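Everything below concerns the one structure shown next.
Every read-out reported here was derived from the displayed coordinates using simple, explicitly stated rules and does not represent laboratory data. All of these numbers come straight from a predicted model, not from anything done at the bench. For neighbour counting, all protein chains shown are included, and Cβ atoms are generated from backbone atoms with ideal geometry for every residue, glycine included.
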Amino acid sequence: MPESVRPRIGAVLAALLATLTLFVVAGCSSVAADEPTRTGNSEGYVGVEKSVTLIPPDKRQSAPPISGERLGGDGKTIDIAALGGKVVVLNVWGSWCGPCRAEAPALQQASEQTAGVAQFVGLNTKDHDQGPAEAFNRAFGITYPSIWDPTGSILVSLSDTLPPKGIPSTLIIDREGRVAARIVGTVTETTLVDLITDVAAGR
């Protein structure tokens with residue numbers, strides 16, 4: 001092979017090697033289209049657009065069955081249907097969810113303000129160990145009970161009412177057991193108290 005050809009062949013091989021390296025690196029760093037977006041330290045948290053929906057009384061439908069083991073390891077069961085006569089506020093949360101920590105004080109304060117007309121219940125989802133969830137409640141002084149849903153199966157069963165990845169989210173169920181309001185995303189104390197007051201008054 002002529003000496004003048006060898007440098008050109010070497011340059012071509014170097015360029016091919018560089019292209020192959022870039023291709024491999026790009027391929028290894030790609031993210032699958034269905035992989036959930038994670039925000040900050042919130043493991044598995046999927047951000048959702050915040051929305052508040054109040055349903056007129058003549059348009060409301062019965063809440064789906066919601067029951068399960070009570071968080072705390074006492075073996076008791078919570079059944080939302082057995083809480084008739086009060087407005088029920090069901091909040092979906094997880095100890096791993098940053099926005100859930102942000103709204104926890106508002107939920108506790110609203111539960112205290114409306115204790116005469118409303119019963120708050122948490123739906124703790126995807127906490128596979130009760131320890132972190134119980135520590136969350138202690139840290140924020142949460143006094144109302146929660147259903148433990150470690151696999152997320154109860155949340156999935158509510159998919160016609162709540163987005164399965166919409167955590168945190170909150171349902172307000174009227175005295176007749178119908179879904180009266182839905183909040184997707186974090187909630188404020190004022191919004192909750194106002195909605196509960198309207199629903200309790202039959203609006």
Cα pair distances of the stretch 51-200 binned at 10 Å [whole percent]:
12, 47, 37, 5, 0
Trypsin sites (Lys or Arg not before Pro) restricted to DSSP loop in the stretch 68-108 with at most 15 other C-beta within 10 Å:
LYS76
For the pair PHE140 and VAL52, what calculated FRET efficiency results from E = 1/(1 + (r/R0)^6), where r is the Cβ-Cβ distance and R0 = 25 Å, to the nearest 0.05?
0.65
Would you mind ranking LYS126, LYS50, LYS165 by Cβ crowding within 10 Å, fewest neighbours first?
LYS50, LYS165, LYS126
Going by amide H atoms built from the backbone, whose H comes under 5 Å of the H on GLY122, apart from near neighbours?
ASN91, SER146, ILE147
Fewest-first sequence of ARG138, ARG203, ARG178 by Cβ atoms within 10 Å of each Cβ:
ARG138, ARG203, ARG178
If you rank ASP79, ASP58, ASP149 by fewest surrounding Cβ atoms within 10 Å, what's the result?
ASP58, ASP79, ASP149
